[in-house]
Amino acid sequence: MSGKRLLMIVGDYGEDYEIMVPFQALQAVGHEVEAVCPQKDAGDTVKTAVHDFRGDQTYVESRGHDFRVTAAMDEIDPAAYDGLVLPGGRAPEYLRTHDEVLGTVRHFFEADKPVAAICHAAQILAAADVIEGRTCSAYSALEADVEGAGGEYYDGVTTDGNLVTGRDWSDHVEWLSQFLDVLGTDVEHGEPAVAEAAED
């Protein structure tokens, strides 16, 4: 498999699992993932938040990890990347106010490159005007946002052309699986290694 070069846009209080899991999992199958954030340089960190579902009307938020970005957003060229990953959490609420974020997102749609977005990342997609006429999933409270941007809300993981979307981190297995399909990633599983017993 030939690894792809992927871009991930993160921000303070992005959802911890939705940043950490795809960042590591996509690298584990051979892709290079560059993480950027507006107004942050390579080596700077963003604070993450863990959103848990405990039977309340909405999620509970706890402080997560410090996540280190790998490049400065104002120094990267979106054309140099094969795909885009947009985690959710609270970060998309303010990331969508940055023109460089919206311009970067539009590049991937105009070039028909694979895009994976989950949870509140739909707020960025809506602000970038890229989901009109598309089927799009998101955190359930964002159904009105998706429909207001001209999209059709789907309650699950869905792929519509180059766009793969999911509701929240509980969708990770199917969301990442569908994104790997769109990327053309062929994951080969070999036989597990068995340790030889040492002879006396």
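Some observations on this one:
- Each residue in segment 121-144 was checked for being assigned to a loop (DSSP other than H, G, I, E, B), farther than 23 Å from ASP52 by Cβ and in contact with a Lys or Arg (Cβ under 7 Å, 6 or more places away or on another chain), and 2 of them qualify.
- Note on segment 95-116: residues that are of a type outside the set (Asp, Glu), out of contact with any helix residue (DSSP H, G or I) (no Cβ under 6 Å at 6 or more places or on another chain) and outside any helix (DSSP H, G or I) amount to 4.
- Residue count for segment 5-22, restricted to those that are surrounded by fewer than 20 Cβ atoms within 10 Å (Cβ to Cβ) and either of a type in the set (A, V, I, L, M) or under 22 Å from TYR81 (Cα atoms) (or both): 3.
- Residue count for segment 41-92, restricted to those that are part of a loop (DSSP other than H, G, I, E, B) and under 18 Å from HIS31 (Cα atoms): 8
- Inter-residue pairs, beta-carbon under 6 Å, first aliphatic (A, V, I, L, M) and in segment 149-176, second at pLDDT 95 or above and in a strand (DSSP E or B), 6+ apart: VAL157/GLY166; LEU163/VAL115; VAL164/ALA116
- Residue under evaluation GLY88, criteria (1) closer than 24 Å to GLY161 by Cβ; (2) out of contact with any Cys (no Cβ under 6 Å at 6 or more places or on another chain); (3) surrounded by 19 or more Cβ atoms within 10 Å (Cβ to Cβ), criterion not met: (2)
- Checking each residue in segment 156-181 for being touching a helix residue (DSSP H, G or I) at 6+ places or on another chain (Cβ under 7 Å) and either over 16 Å from LEU84 (Cβ atoms) or in a helix (DSSP H, G or I) (or both) picks out VAL157, ARG167, ASP168, TRP169, HIS172, LEU176.
The values are calculated or read from the model by the stated rules, or taken from the named source; none is laboratory data. Nothing here was measured: the structure is a model prediction, and the numbers come from that model. Using ideal geometry, Cβ is built from the backbone for each residue, glycine included, and neighbour counts are taken over all protein chains shown.
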